[in-house]
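The values are calculated or read from the model by the stated rules, or taken from the named source; none is laboratory data. This structure is a prediction, so every number in the text was calculated from the model and none was measured. Note: ideal-geometry Cβ built from the backbone for every residue, glycine included; neighbour counts use all protein chains shown. Note: accessible area is taken over every heavy atom of the protein model, side chains too, but ligands, DNA and RNA are not part of it. Shrake-Rupley method; radii C 1.70, N 1.55, O 1.52, S 1.80 Å.
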Amino acid sequence: AQSVSQHNHHVILSEAASLELGCNYSYGGTVNLFWYVQYPGQHLQLLLKYFSGDPLVKGIKGFEAEFIKSKFSFNLRKPSVQWSDTAEYFCAVNEGLTGGGNKLTFGTGTQLKVEL
Amino acid sequence: DTGVSQDPRHKITKRGQNVTFRCDPISEHNRLYWYRQTLGQGPEFLTYFQNEAQLEKSRLLSDRFSAERPKGSFSTLEIQRTEQGDSAMYLCASRQSTSGIDTQYFGPGTRLTVL
């Protein structure tokens with residue numbers, strides 16, 4: 001069975017600080033990797049995804065993530081956070097080749113608070 | 001707005017009562033998923049449909065839970081004889097399986113509180 005670990009449960013940063021959220025998964029086969037974000041009072045939204053190709057993927061709002069297969073990691077980064085990035089961030093994985101896969105397995109989430 | 005919608009957004013019920021939630025997926029999305037999210041946890045998979053066929057159920061889905069998608073469009077999730085442990089956010093997601101991009105789009109969720 002797959003599992004996803006997010007080691008940072010709560011992160012507090014000042015505006016303009018750099019962000020890196022860790023995500024590790026356990027599954028030996030081909031995976032698709034996702035980062036979702038949930039802003040206060042809103043539903044889960046996709047930030048970015050990785051299926052194949054360039055392991056550095058860019059998403060919305062200046063976020064990027066790097067897939068390191070040897071480390072089973074898919075860390076999320078942003079060079080300079082804004083107050084509006086305050087949200088909960090979830091890493092997720094599903095099995096399968098590009099376009100395949102079914103259910104998502106999520107990490108426990110990281111609550112990010114950005115202070116002015 | 002053509003996103004995933006869920007109804008009701010909030011439900012408070014007494015232990016032992018039955019509840020039913022509805023999910024309307026994005027039009028023409030033939031895959032529909034149900035997840036449950038408890039406080040401090042990420043969403044956990046419950047079940048999914050391709051069109052009207054229920055293809056997989058999690059062990060989290062006890063006999064008190066049943067889901068349907070009778071015409072391959074909207075779906076319902078029913079919980080019978082609710083227990084306090086059923087209190088959670090129930091999320092619905094949909095995707096178009098023929099798309100090369102395996103992205104699930106989530107609805108706002110139904111928050112269930114069992115007293």
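Take the alpha carbon atoms of the range A:29-56, find their center, do the same for the range B:24-94, and report the distance between the two centers in whole angstrom. Comparing the Cα centres of the range A:29-56 and the range B:24-94, I get a distance of 21 Å.
The average projected area of chain A, computed from the convex hull of its Cα atoms over all directions, is 6.9 nm². With a Cα cut-off of under 18 Å and a minimum spacing of 8 residues unless on different chains, the lysine pairs in the range A:19-102 number 8. Residue ranking by accessible heavy-atom surface, 1.4 Å probe, largest first, among B:105, A:50 comes out as B:105, A:50. Between the beta carbons of residue B:41 and residue A:54, assuming R0 = 35 Å, the FRET efficiency works out to 0.65 to the nearest 0.05.
Over the protein assembly as shown, all Cα pairs binned in 5 Å intervals from 0 give whole-percent P(r) values of 1, 7, 14, 18, 18, 16, 13, 7, 4, 1, 0, listed from short to long.
Net charge of the neighbourhood of residue B:64, taken over other residues with C-beta under 11 Å away and scored Lys/Arg +1, Asp/Glu -1, is -3.
The residues of chain B present an accessible area of 51 Å² per residue when probed at 1.4 Å with all protein chains retained. Taken about its Cα centre, chain A carries a charge dipole of about 200 debye when Lys and Arg each add +1 at the Cβ and Asp and Glu each add -1 at the Cβ. On the range A:21-116, 55 percent of the accessible area sits on carbon and sulfur atoms, based on a 1.4 Å probe.
At the residue level, residue A:46 shows approximately 40 square angstrom of accessible surface with a 1.4 angstrom probe and all protein chains present.
About its Cα centre, chain B has a charge dipole of approximately 360 debye under the convention of +1 per Lys or Arg Cβ and -1 per Asp or Glu Cβ, with nothing else charged. Ligands, DNA and RNA are left out, and with a 1.4 angstrom probe the accessible area of chain A is 47 Å² per residue.
Distances longer than 17 Å among the Cα atoms of chain B: what percent of all pairs is that? Counting pairs separated by more than 17 Å, the tail of P(r) holds 51 percent. With both residues required to sit in chain B, DSSP beta bridges show an antiparallel share near 90%.
Ordered from highest to lowest accessible area with the whole protein assembly present and a 1.4 Å probe, A:15, A:64 read as A:15, A:64. Each Cα pair under 8 Å and six or more residues apart adds its separation to the average, and for the range A:1-68 the resulting relative contact order is 21 percent.
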